[in-house]
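The block underneath contains the structure these notes are about, expressed in C-alpha cells.
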C-alpha cells in the first residue's frame, strides 16, 4: 500500500494487510495524533487496510500562526 | 466499530470519551460541545458581534465554521505574519473560506505595518525567537482590531491540546501570574481590552482536525516553518504519550486545574494596566511591549544602516 504522510510530504510503500492501529504503530505514530484517510473517508483503528490501498496519514498538530 | 449514538458505521473513535461516531453524529456532537462551552462559561451571546482570529489552520477555521453555523454574528481577523509562502498560502485559505461562506474578513499585513513588521525581519533585527515576536505582535493587533472595530469579544481557536501544553509549561516553570490568567474567558481589565474567549478549550486537536476534514474545510496542513523546535511542541509530544497510555489525561489536567487549581494562583490585589504613552493601548509600564519592540526594530535597523 502507498501511504502519503502529511505534512511531511513523504510517501512510503508498505506490504501486507493490517489494521489501522497496527499501521500507525508501524509508522511510529501515537493514536489520536493523526487521521488515517482512504478516499474521502476516515478510518478507525480497528479497520483493515489492504495491499492495494492508497492512504493519507495526516498529523493533527497545530500548524502555527499563518 | 459502530457509532455510539446511531449504531451506523463509525468514522472516528474518541478514546478520551470512550465513544465512536459516524460523520453526521460527530459534527452534531462537536457543535454541541462548543455550544455548551460558550453557554457554561458565558463567553458571548447571539446579540454580540464576535471577532474570530483566524490563521488558516484547522482550529481557527473550524471555530469560525461552527460559530457561523450556530448563527453567531462573526467577523474574521487574519494577521498576515509575512512568513514567506507559508503566510501567502494561509492567507489564501482564509480568504477562500470567508468568500465561500459570505463571511466578513478583516486583514492586517504586518509587512506593511509600522516600519515593516514581518516576523522574520523583526526576529532578525531584534535577535528574538520568531515565536516570541510573533505572539507579541499578534496579541497587539488582535487587541487593536477588536477595540477599534467595536467588538465586545475576541474568540481564538485554542484547543484542549494547546491549553494542556500551556498549562504544563506554566507548571514546569511555576509561572504563578500566567497560571492565574489561564482560563477560557479572560475578562477585560482595561477599557481598550475586550473579552477574550476560547470556545474550543475542551475539544482536542484531533477532534478539530476531524471536524475540519468532515466539513470539507480547506486548511493549511503544513506546520509554520518557525515552529520546529518550539517548546510548546515538546510539551504536546509529552502529553500525547501520556494520553496514549491513559486516555482522558489532557482533559482531566485542564478541567481539574480550572476547577480546583487556578484559584490558588490568583493574587488578591492585581494592578490594572495603564495606557501606553505611545499607542494608548493597555500597558503594565509607561510604554507597552509592542511599542518597545517597534522601538527596538527601528533602533537596530538604524544602527545597521549606519555601520
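The values are calculated or read from the model by the stated rules, or taken from the named source; none is laboratory data. For clarity, every value in this text was computed on a predicted model and none was experimentally measured. Cβ sites come from the backbone with ideal geometry, for glycine too, and all protein chains shown count toward neighbours.
Taking residue B:202 as the residue in question, decide whether it is more than 9 Å from chain A (Cβ to nearest Cβ) and either modelled with pLDDT of 95 or more or not in a loop (DSSP other than H, G, I, E, B) (or both). Yes: the conditions hold for residue B:202. Residue B:77 fails exactly one of the following numbered conditions: (1) touching a residue at least 40 places away in the same chain (Cβ under 8 Å); (2) assigned to a loop (DSSP other than H, G, I, E, B). What is the number of that condition? Against the list (1) touching a residue at least 40 places away in the same chain (Cβ under 8 Å); (2) assigned to a loop (DSSP other than H, G, I, E, B), residue B:77 comes up short only on (2).
Checking each residue in segment B:69-86 for being more than 14 Å from chain A (Cβ to nearest Cβ) and under 30 Å from residue B:225 (Cβ atoms) picks out B:74, B:75. When residue B:223 is tested against (1) out of contact with any strand residue (DSSP E or B) (no Cβ under 8 Å at 6 or more places or on another chain); (2) free of Cβ contacts under 8 Å to residues at least 40 places away in the same chain; (3) crowded, with 18+ Cβ neighbours inside 10 Å; (4) more than 30 Å from residue A:61 (Cα to Cα), just one condition goes unmet, and that condition is (4). Candidates A:30, A:43, A:23: the one that is under 24 Å from residue B:21 (Cα atoms) and away from every other protein chain (no Cβ under 14 Å) is A:23. The test for being at pLDDT 95 or above, outside any helix (DSSP H, G or I) and within 14 Å of another protein chain (Cβ to nearest Cβ) does not hold for residue B:211. With respect to (1) within 14 Å of chain A (Cβ to nearest Cβ); (2) free of Cβ contacts under 8 Å to residues at least 40 places away in the same chain; (3) in a loop (DSSP other than H, G, I, E, B), the lone exception for residue B:191 is condition (1).
Could you look through segment B:129-150, keep only residues that are in contact (Cβ under 8 Å) with a residue 40 or more places away in the chain and not in a helix (DSSP H, G or I), and pick out the one that is surrounded by the most Cβ atoms within 10 Å (Cβ to Cβ)? This residue is B:149. Of the residues in segment B:31-51, not one is in a helix (DSSP H, G or I) and more than 23 Å from the chain's Cα centre (by Cα). Residue B:229 fulfils the conditions (1) more than 17 Å from the chain's Cα centre (by Cα); (2) in contact (Cβ under 8 Å) with a residue 24 or more places away in the chain except for a single criterion, (2). State whether one or more residues within segment B:220-242 are part of a loop (DSSP other than H, G, I, E, B), more than 10 Å from chain A (Cβ to nearest Cβ), within 23 Å of residue B:66 (Cα to Cα) and touching a helix residue (DSSP H, G or I) at 6+ places or on another chain (Cβ under 8 Å). Checked segment B:220-242: no residue is part of a loop (DSSP other than H, G, I, E, B), more than 10 Å from chain A (Cβ to nearest Cβ), within 23 Å of residue B:66 (Cα to Cα) and touching a helix residue (DSSP H, G or I) at 6+ places or on another chain (Cβ under 8 Å). Taking into account only those residues within segment B:264-283 that are surrounded by fewer than 12 Cβ atoms within 10 Å (Cβ to Cβ) and assigned to a loop (DSSP other than H, G, I, E, B), which is modelled with the highest pLDDT? That would be B:272. In the set (1) under 15 Å from the mean Cα position of the chain (by Cα); (2) surrounded by 23 or more Cβ atoms within 10 Å (Cβ to Cβ), residue B:186 fails one condition alone, (2).
Being closer than 19 Å to residue A:60 by Cβ, touching a residue at least 60 places away in the same chain (Cβ under 8 Å) and touching a helix residue (DSSP H, G or I) at 6+ places or on another chain (Cβ under 7 Å) narrows it down to one residue among B:253, B:265; which is it? It would help to see each step written out before you state the result.
Details: B:265 fails: closer than 19 Å to residue A:60 by Cβ.
Being closer than 19 Å to residue A:60 by Cβ, touching a residue at least 60 places away in the same chain (Cβ under 8 Å) and touching a helix residue (DSSP H, G or I) at 6+ places or on another chain (Cβ under 7 Å) holds for just one of B:253, B:265, which is B:253.
Please verify whether segment B:108-120 includes one or more residues that are over 20 Å from residue B:298 (Cβ atoms) and buried (at least 16 other Cβ atoms within 10 Å of the Cβ). The answer is no; no qualifying residue exists. Step by step: first the residues of segment B:98-121, then only those that are away from chain A (no Cβ under 12 Å) and assigned to a helix (DSSP H, G or I), then the one that is nearest to residue B:224 (Cα to Cα). Which residue is that? Only one residue fits best here, namely B:120.
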